[in-house]
Amino acid sequence: MQLSEEELSILDGQGGPLKRKTLEFIVNYATVLGADSLCRVSKAHLFCGAHHYLKAVRSKDMDEVMSEMWFCSPDKILFDAVGCFSQSDCSPVDHINWSKMGCYEDEFRENERYLDRCLKAGVHLVGSCVPYMTGFIPVRGEHYVTTESHAVLMMNSLWGACSNADGIEAAFCSAVCARTPRWGMHVPEGRKGTHLFSVTCKPETVEDWDLLGYAVGLRLPPHSTPILEGNVAGVDMLRLKSCFAAMATTSGPELCHILGITPEAPTLAACLSPSGLEDRIEIGPRQLREAREILCDQQAGEVNYVSLGCPHYSIDQISEAAAFLGGRKVHENVTLHIWTALPIKAVADRCGYTKTIEDAGGTLMVGSCPLVSERWPAGTRAMAFDSAKQAHYIKPLTSAKVFFGNAGECLQASISGKWGR
Amino acid sequence: METIVIRGRGAIPGIASGPAMVCRETIQGWSGIDETTGKVIEKGHPAEGQTIRDVVLVLSGGKGSNGWSSHFHAARIRGISPCALVLPKIDSRTGVAAVVCGVPTVVDLQEDPFMVIESGDLVTVDGTSGTVTIRKASHDG
């Protein structure tokens, strides 16, 4: 592997033990991938917080836990500095309304300890899965890392930026040593499309695009890059936010070309793999219906938890929810949570949307979600989501019924306490 | 007993042997593997209910969460890990998982292991030389 003088000096310990350990990890990772050099990372989006999986390390010492689970170091090393612009992803706790999630005070405080260490290391505590809506916008050709699967698809596909899915350990290591393997999405030949999806249904709403992403993912083999063609006009960032979240749930692409829309796909020839198409697949109305049937419990019934905002809601989605809820009351048996990022909540506060939601009996939550926190109100017997990703992943974790629908259906269920089309 | 050798690229050095657990279907990240038991919990997955503990995991790739590797990592810390990995084609999710598991790993195989290896075959993975040796189990009955 070709390493620069600077990289060799870091491996020699010139930048301190944390930088050396993290670069060693990235070099090992590059070796496994078969990369022959590293590239410089300018941005990192990190899964900061006292997440449940960290409990595998039986230690009360936070630095021991971070060392093992974030940096793969059995020896304790202090996370004291990042080497590039860094933002935090979701944590398991809303630092404002943690008690409404069902979190205990000690869990809130433990999470704050982890986040405080990240802050001191230079990570901005944005706490969101939608970094591209909160100032984390890599340009075409810029190398970044992220711990959020749909964010890779968004930033690679829409702006031509470069990241692999990697993993939490690699992302933290890249954040510190500011390097990642020059491989996959970081090289032009790794970004070509392999599978053509003809969209013959007519996706219009966010829900349609959510189901479209889910259906594409169900049919996309590993190591593939989809190309969407057909009825794709009218798509926007909000629709793609849901589409890519679902696609990155049922499959593992790191880039999705959309003919005539994404910058690397002005034509099929421009984005196609030199070896040609591996398959052509049609996504019509039937495929969307089938996706919905997988995601939504078919028996109508009571609902006592409604959660919106996966991925985190934008300000216009919050505004629409507030408009729906204005003058109405959430059913006494229902908990309504709407999730967003802290900077977006600040705008919602300023615009009065937060108060409208709260007056109706709902709560605008920040920094987490039911999936990341694995928390929903005690005694929940049926829950409703406007996110295929959330419904898909939570189903195996609960004996409660799981309903999937559009935001209007979910909000209506929060008012009536019942689900049914 | 029939012995077959297939070759690939050695990614993590070392030698380990164990029964094969063959997953032609990818395993998802969230809700894919129970970190406390090593069992596959993805609904409808062909290997649902089987554990990754001490097997040679032959896996087509990763999908879903970018936290994919962390579930293997958390299981490994609890003493639950495949004894070796065979990854027909490397991707970024499985690449990080291979590093955190640290077990002998062969990737980018020259032939399709799903045509050769069946669950239960005794497989030896040499991550130094890049060879995978399969001793076929009797699948009769």
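The values are calculated or read from the model by the stated rules, or taken from the named source; none is laboratory data. For clarity, every value in this text was computed on a predicted model and none was experimentally measured. No Cβ is skipped: glycine too gets one built from the backbone with ideal geometry, and neighbour counts run over all protein chains shown. Side chains included, ligands, DNA and RNA excluded: accessible areas come from the protein's heavy atoms. Shrake-Rupley method; radii C 1.70, N 1.55, O 1.52, S 1.80 Å.
So is B:Ser31 within 12 Å of chain A (Cβ to nearest Cβ), part of a loop (DSSP other than H, G, I, E, B), free of Cβ contacts under 8 Å to residues at least 40 places away in the same chain and buried (at least 24 other Cβ atoms within 10 Å of the Cβ) or not? Please lay out each step first, then the result.
Values: within 12 Å of chain A (Cβ to nearest Cβ): yes; part of a loop (DSSP other than H, G, I, E, B): yes; free of Cβ contacts under 8 Å to residues at least 40 places away in the same chain: yes; buried (at least 24 other Cβ atoms within 10 Å of the Cβ): no.
So B:Ser31 fails the test.
Test each condition in (1) touching a Ser or Thr at 6+ places or on another chain (Cβ under 7 Å); (2) more than 11 Å from every other protein chain (Cβ to nearest Cβ) for B:Ala16 and report the one that comes out false. Checking B:Ala16 against (1) touching a Ser or Thr at 6+ places or on another chain (Cβ under 7 Å); (2) more than 11 Å from every other protein chain (Cβ to nearest Cβ), the one that fails is (1). Considering segment B:41-77, and only residues there that are touching a residue at least 24 places away in the same chain (Cβ under 8 Å) and of a type in the set (D, E, K, R), the residue that is nearest to B:Val99 (Cα to Cα) turns out to be B:Arg76.
Considering B:Ala47, B:Ala11, B:Ala98, the condition of being more than 9 Å from every other protein chain (Cβ to nearest Cβ) and in contact with a strand residue (DSSP E or B) (Cβ under 7 Å, 6 or more places away or on another chain) is satisfied by B:Ala47 alone. If you check A:Val93 against the conditions, is it more than 14 Å from every other protein chain (Cβ to nearest Cβ), in contact with a helix residue (DSSP H, G or I) (Cβ under 6 Å, 6 or more places away or on another chain) and modelled with pLDDT of 95 or more? Considered against the rule, which asks whether it is more than 14 Å from every other protein chain (Cβ to nearest Cβ), in contact with a helix residue (DSSP H, G or I) (Cβ under 6 Å, 6 or more places away or on another chain) and modelled with pLDDT of 95 or more, A:Val93 comes out as yes. Which of the residues belonging to segment A:297-349 are assigned to a helix (DSSP H, G or I) and open to solvent by 30 Å² or more (accessible area, probe 1.4 Å)? Within segment A:297-349, A:Ile315, A:Asp316, A:Ser319, A:Glu320, A:Ala323, A:Phe324, A:Leu342, A:Pro343, A:Ala346, A:Val347, A:Asp349 meet the criteria.
Condition test on A:Met155, is it buried (at least 24 other Cβ atoms within 10 Å of the Cβ), out of contact with any strand residue (DSSP E or B) (no Cβ under 6 Å at 6 or more places or on another chain) and not basic (Lys, Arg)? Yes: the conditions hold for A:Met155.
Here's the yes/no breakdown for (1) within 14 Å of chain B (Cβ to nearest Cβ); (2) touching a Gly at 6+ places or on another chain (Cβ under 8 Å):
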position: A:Gly379; (1), (2): no, no
position: A:Ala391; (1), (2): yes, no
position: A:Lys401; (1), (2): no, yes
position: A:Leu411; (1), (2): no, no
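With respect to the conditions (1) within 10 Å of chain B (Cβ to nearest Cβ); (2) open to solvent by 10 Å² or more (accessible area, probe 1.4 Å); (3) closer than 21 Å to A:Cys90 by Cβ, A:Met69 lacks only one, and its number is (2). Whether any residue in segment A:167-190 is more than 16 Å from A:His143 (Cα to Cα) and either away from chain B (no Cβ under 12 Å) or surrounded by fewer than 20 Cβ atoms within 10 Å (Cβ to Cβ) (or both) is what I want to check. No, there is no match, as no residue in segment A:167-190 is more than 16 Å from A:His143 (Cα to Cα) and either away from chain B (no Cβ under 12 Å) or surrounded by fewer than 20 Cβ atoms within 10 Å (Cβ to Cβ) (or both).
Tell me whether segment B:105-114 contains one or more residues that are more than 30 Å from A:Cys162 (Cβ to Cβ), away from every other protein chain (no Cβ under 14 Å) and open to solvent by less than 10 Å² (accessible area, probe 1.4 Å). No, the conditions are met nowhere in segment B:105-114.
Taking segment A:387-421, which residues are in a helix (DSSP H, G or I) and among the hydroxyl-bearing types (Ser, Thr, Tyr)?
A:Tyr393, A:Ser414, A:Ser416 - these are the residues of segment A:387-421 that are in a helix (DSSP H, G or I) and among the hydroxyl-bearing types (Ser, Thr, Tyr).
Could you list all residues from segment B:71-93 that are farther than 16 Å from A:Thr249 by Cα and part of a helix (DSSP H, G or I)? Selection gives B:Phe72, B:His73, B:Ala74, B:Ala75, B:Arg76, B:Ile77.
Taken over segment A:359-386, the criterion of being assigned to a loop (DSSP other than H, G, I, E, B), at pLDDT 95 or above and within 17 Å of the chain's Cα centre (by Cα) is satisfied by A:Gly367, A:Ser368, A:Cys369, A:Asp386.
Among the residues of segment A:1-48, what is the count of those that are within 14 Å of another protein chain (Cβ to nearest Cβ), open to solvent by 40 Å² or more (accessible area, probe 1.4 Å) and not β-branched (Val, Ile, Thr)? Number of matching residues: 6. Consider segment A:350-375 and keep the residues that are free of Cβ contacts under 8 Å to residues at least 40 places away in the same chain and among the β-branched types (Val, Ile, Thr). The one that is most open to solvent (accessible area, probe 1.4 Å) is A:Thr356. When we screen B:Thr133, B:Thr94, B:Thr124 for residues that are crowded, with 23+ Cβ neighbours inside 10 Å and either closer than 15 Å to B:Ile15 by Cα or modelled with pLDDT of 95 or more (or both), the only hit is B:Thr94.
Residues checked against (1) small (Gly, Ala, Ser); (2) out of contact with any strand residue (DSSP E or B) (no Cβ under 6 Å at 6 or more places or on another chain):
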{"residue": "A:Leu11", "(1), (2)": "no, yes"}
{"residue": "A:Thr22", "(1), (2)": "no, yes"}
{"residue": "A:Phe25", "(1), (2)": "no, yes"}
{"residue": "A:Ser37", "(1), (2)": "yes, yes"}
{"residue": "A:Met62", "(1), (2)": "no, yes"}
{"residue": "A:Asp80", "(1), (2)": "no, yes"}
{"residue": "A:Ser88", "(1), (2)": "yes, no"}
{"residue": "A:Lys100", "(1), (2)": "no, no"}
{"residue": "A:Cys103", "(1), (2)": "no, yes"}
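Residues that are farther than 25 Å from A:Lys55 by Cβ and open to solvent by 20 Å² or more (accessible area, probe 1.4 Å) were ranked within segment B:73-90; the one that is farthest from the other protein chains (Cβ to nearest Cβ) is B:Pro88. From the list A:Leu211, A:Leu228, A:Leu158, which residue is at pLDDT 95 or above, farther than 24 Å from A:His392 by Cα and away from chain B (no Cβ under 14 Å)? Exactly one of A:Leu211, A:Leu228, A:Leu158 is at pLDDT 95 or above, farther than 24 Å from A:His392 by Cα and away from chain B (no Cβ under 14 Å), namely A:Leu158.
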